Structures are given as C-alpha cells and as structure tokens.
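Reviewing the structure listed below.
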C-alpha cells in the first residue's frame, strides 16, 4: 500500500499472489511422486519435510525482509480498535465474508481434487500431477488479472469469476477426458483471481488508511483462512455422509453463487492515495 498505487498496485498483488499457487502446484505434483518415496511413504515424515521447508523460508524472511519507509506517524492503535473500526465499514464486511467463502472454495476444491480424480480411475501419481493443472493455469492468471481489470470493474469481475468457478466445478463432477482438463484449467484461472481482486478492493476502500493496511490484511487472512480450513472439512464430512463427491461439489457451487450474489451488494470505490483514518 505504501510502495504501489493504481495499476502498479494490481501488478504487485498479482506477483506476490503467485507464490502460494507455485507452492501448491509443487506440493500436489511432487508429494506422491517424489517426497513420499523419499520418506518411505510416511505422511508424518512428509509433513516434517514441508514443515522444515516452511521454517527455512521464515528464517530467510526474518533476516532478509526490509520494512517500507513510513511517511506518516507510527501505528499506535491496538489491533482490536483497528478491527472494530474496519468492521463498521460495509464494504470491508463484504470483502471479509467474500474472502472467507473464496478460501473455502479454493481449498475445498484443490485439497480434495486428487481423491476426486482417483475416483475417476486415475492412479494416485497421475491424479497428483493432473491436480496440479489448476494451479499451473492459475499462475499466469493471478499475475495478469489484478493488473488488467480496472478498479471500477473489480467487483463485477469477482462476480464473473465466482460464476465461472461454479461452472468449472460442475464440469469436474460430470465430465472426463479433454473437457475435464478444460474444466480444471478454467477453475485454475478463475479461482486464482478472486482473492487478489478482493485484496485490491480492500486496499482501495477509502475508509482504510494505508498505514492500517497491514492490520487489515492480517484480519482478512485470519478470517479467510478459517474458510480455508472449513472448506475441505465440510466437503469431507459430506463425502462421508453421502459416499459421493457430488454433495461436496454442490456445497462449493453454492458458495460460489453466494459470492456472485454478494457482488451486487459490494460497491466499487474510487481509488484514493490516502483514505480516511480508521476510527
């Protein structure tokens, strides 16, 4: 927020959002084929390997990351006061709820995708590689969409992406062959674009001062990651209850349609270089 404005901000958000998609693509394609054999097919040791990798990245961040120079006064407001100030803004509430649902959709889809593909007759290794297709398709999309979609069209863009994501999930449970691969790629493109557009909408909300965007972003991910946990959990519970992935797919489709409906309430805001302070 302090380093970028306008179109540059969209490009910057797109660049850093490619990280989770590249990491997810690596995890899905490499776990069954490479990591599991190295650990003797032990899930515990596999998670230890990924945990050590995350720890190494955290240490690199600790030593190498630099703070942005602040042009204003230091933030001295407590996190709860910032949260209460932000939650009073209708646009912020809608963005937070949409973020929760978007994470539930993306995590519920990608985490269960290998098993869904195995249910279609693929071997575990083939399913893992095929499940990385949405992530591969999402990398250029998450880089391009935030920069290409103008600020005044972001809200409607979120609605279109949510509707297309619902269509892609329908393709997943009903199609095979080339059409299935097309549906996987489609979900990668549209599913990857929702979160960065929501973040940009949060950044462009005038009531959110740039010096509070660190707190606002933390609140966004805190709430959204709860959806990222609940999405796969609910899909798994529905699969256990019904014995089929169709019920879980329709749950995710329902969430997509909720986001689509909410975009008629979520209002686009003019981009301001300095908004009003949170109060």
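A compact table of results
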quantity	calculated
Criterion (at pLDDT below 90, part of a loop (DSSP other than H, G, I, E, B) and either over 16 Å from the mean Cα position of the chain (by Cα) or within 24 Å of residue 246 (Cβ to Cβ) (or both)) met by exactly one of 80, 122	122
Filter pass, residue 103 being at pLDDT below 80, surrounded by 12 or more Cβ atoms within 10 Å (Cβ to Cβ), out of contact with any strand residue (DSSP E or B) (no Cβ under 9 Å at 6 or more places or on another chain) and assigned to a helix (DSSP H, G or I)	no
Only listed residue being farther than 20 Å from residue 35 by Cβ and without any contact (Cβ under 8 Å) to a residue 60 or more places away in the chain, chosen from 144, 168, 162	168
Matching residues in segment 183-206 - criterion: being in a loop (DSSP other than H, G, I, E, B) and surrounded by fewer than 20 Cβ atoms within 10 Å (Cβ to Cβ)	206
Whichever residue in segment 148-165 is at pLDDT below 90, assigned to a helix (DSSP H, G or I) and surrounded by fewer than 18 Cβ atoms within 10 Å (Cβ to Cβ) and, among such residues, is farthest from the chain's Cα centre (by Cα)	152
The lone exception for residue 230 - which of (1) on the phi < 0 side of the Ramachandran plot; (2) surrounded by fewer than 19 Cβ atoms within 10 Å (Cβ to Cβ); (3) over 17 Å from the mean Cα position of the chain (by Cα) it fails	(3)
Residue among 233, 180, 238 that alone is out of contact with any helix residue (DSSP H, G or I) (no Cβ under 6 Å at 6 or more places or on another chain), more than 21 Å from residue 20 (Cβ to Cβ) and assigned to a helix (DSSP H, G or I)	180
Filtered residues of segment 240-263 (kept if surrounded by fewer than 19 Cβ atoms within 10 Å (Cβ to Cβ), touching a residue at least 24 places away in the same chain (Cβ under 8 Å) and within 17 Å of residue 117 (Cα to Cα))	246
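The values are calculated or read from the model by the stated rules, or taken from the named source; none is laboratory data. Quantities reported herein were computed from a predicted structural model and do not represent experimental measurements. Every residue, glycine as well, gets a Cβ built from its backbone with ideal geometry; the counts of neighbours run over all protein chains shown.
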